[in-house]
1. By DSSP, what percent of the beta bridges with both residues in the chain are antiparallel, rounded to the nearest 5?
2. Rounded to the nearest 20 Debye, what is the dipole magnitude of segment 89-150 about its Cα centre when Lys and Arg each give +1 and Asp and Glu each give -1 at the C-beta?
3. Starting from the Cα of Lys370, draw a straight line to each of the aspartates and glutamates and keep only those under 20 Å, dropping any in the same chain fewer than 8 residues away.
4. How big is D, in µm² s⁻¹, for segment 1-62 by Stokes-Einstein at 10 °C and 1.306 mPa s if Rh is the Kirkwood radius over C-alpha pairs?
5. What do you get for Rg/Rh of segment 115-233 when both radii come from the Cα atoms and Rh is the Kirkwood radius?
6. Express the Stokes-Einstein translational diffusion coefficient of the chain in µm² s⁻¹, to the nearest whole number, given a Kirkwood radius over alpha-carbon pairs, 25 °C and a viscosity of 0.890 mPa s.
7. What helices does the chain hold that run 30 Å or longer along their axis, going by alpha-carbon atoms, with a Kyte-Doolittle average of -1.0 or more, using DSSP H for the helix calls?
8. From the convex hull of the Cα coordinates of segment 185-264, what is the mean projected area in square nanometres?
Amino acid sequence: MSKIRTALVIGGGIAGPVTATALLKAGIQARVYEAYPGPTHGIGSGLALAPNGLAALEIIGVADAVRAIGSPITTMALSVGGRTIPTPQPAGLPPLQLVDRNDLHRVLHDHAVAAGVPFEYRKRLVGVDEDASGVTARFADGSSATADVLIGADGIRSTVRGLIDPANPGPEYTGLLGLGGIVPNTIGAPPGEMAFCFGRRAYYLYGALDRDRIMWGANLPHREYLSLVEARAFPAEHWLDRLRNTYADDHPGAEFARLTTAENLEVQGALHIMPPVPHWSRGRMVLVGDAVHAPSNSSGQGASLAIESAIQLARCLRDLDHRAAFAAYEQLRRGRVEGVAARARRLNHSKTPGANARRMIGLLMPLMIKGMDPERSMGAEQRYRIDWDAPVRPATEAAAA
Ligand SMILES: Cc1cc2nc3c(=O)[nH]c(=O)nc-3n(C[C@H](O)[C@H](O)[C@H](O)COP(=O)(O)OP(=O)(O)OC[C@H]3O[C@@H](n4cnc5c(N)ncnc54)[C@H](O)[C@@H]3O)c2cc1C
C-alpha cells in the first residue's frame, strides 16, 4: 500500500486531466496547474483516438463522453497520384474516433472537474524544491504548492523534463509543419473514411466528420524550424499561399487548400518526435505524456499513449511508494512507447519521398497493401488493455517473474 497522498500535476492538456482523475480514483488528491489562462487554448484540428486510448479512458469513466464528440473511422485508405486503395485493419477492434483536439481537452477537463480535481490556471512552473518530506513547485507568478509527488504532464517542451535532468534530450524536428482545418465536404467523402495521401510535393490526410465537413491535415516540408508561436506570427495569407502552391497538382488536396480560409485555417507549427528520454523520473518528480514520449503525429498514437501512461502511473502510485512506483511505471511503459515511436519514425521518412520514390510508391502501392500485415503493424498497439484492479509489483520483481 502506497503512502502517497497528494500530487501536483503540471499541465492541463490531455495527460494532465487524465492523470489527476485516475489518481483521485487511486485515493490520491491531485491538483492540476496549467500555464494557459483556461481549459482550451485554440490548438484545434483533428486527432484520431485509437481503441487502446479509448479503453484506457473507460477506466476513469469518460470514454462514452469522448465517443459522443467523435466520428468513428471504419475505413482507412492510402492515396498516391489520385489513386486511393483501402488498407486492411486489425480484425475485431472497435473503430478509431476522430475528434477535435479542443473538444477532447474540454471533455477531459470537465470530467476531471466533475470527479473533484481542482485546476489552477496561469500557473507556469519555473522551478522545484525537494526534500525528504515532499516537493514544492514554484510558479512564474511567485506562488508555490507542495505535495508528495510532482508529475510533469507539460507536453513536448516540458519544463519538468529539464528539471529532472538538464541533459535530457529535447524533441527533434521532423522537418514538417502541421497545418490544416475543417472545410466543407465538397468532394462527397463518406463519413467514417480516413485517407492518407502522398501528394506530389507533400503528404496530407483527411477524414469526413459528417456529410458536410472534412477535417484535413497538411504536413508541409519546411527546412526552417517554426514553433507554434513563430508559425502563427505569419499572416494567414502566407500559409494559404503555401498550401495552394504545395497541393496545386493533387486531388483532393488542391480542393482542401482552396477551401481553407483565414477563418478556418489551423496552424500547428513544427511537428516533433521525442527521442528516447534516459531519465523519466528523479526523486519525487516523474514525466507523463508528450513530455516523455511524443511518437509524432505519424503514429496516430500520441494522445492514446499519453492516456495509457497516465492511468498506469496512477496505478503504480496507488500501490507503491514513489521510487518503486516510478521504476515500475517506467518498466511498464518504456518498451511500448519507444516501439510506437520507432514505427512513426519510419513513416516520417516516407512522407517526403523524392519524385522517383513517389513514382515507385505509386506503382508498388497495390502490392504493398496486399502484403500488409495490419495485426503486426497495428494490432499490438491497438489491443493493449490495462487491468486497473491488478496490483502493481515492484520493477525488479516483475522483471524476474
Ligand atoms: C498535428 C498533430 C496531430 C496529431 N494527431 C494525433 C492523432 O491523430 N492521434 C493521437 O493519438 N495523437 C495525435 N497527436 C498527438 C497529441 O496531440 C499529443 O500526443 C497529446 O496532446 C499529448 O498530450 P499531453 O497532455 O502530454 O501534452 P499537451 O496536450 O501538449 O499538454 C501539455 C500542457 O502543459 C501545459 N504546460 C506546458 N508547460 C507548462 C509549465 N511550465 N507550467 C504549467 N503548464 C505547462 C501546456 O500549456 C499544455 O496545456 C497529434 C499532434 C499534432 C501536433
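1. Here the antiparallel bridges make up roughly 70 percent for the chain.
2. With Lys and Arg at +1 and Asp and Glu at -1, about 240 debye.
3. Glu193
4. D = 121 µm²/s.
5. 1.13
6. Once the numbers are plugged in, D ends up at 113 µm²/s.
7. Taking the DSSP H segments of the chain (at least 30 Å long, mean hydropathy at least -1.0), we get 322-350.
8. The number I arrive at for segment 185-264 is 5.4 nm².
Bear in mind these aren't lab numbers, they're just calculated from the coordinates by the rules spelled out. Bear in mind that the values here come from a model prediction, so they are computed numbers and not experimental data. FYI the Cβ positions are ideal-geometry reconstructions off the backbone, even for glycines, and counts take in every protein chain you see.
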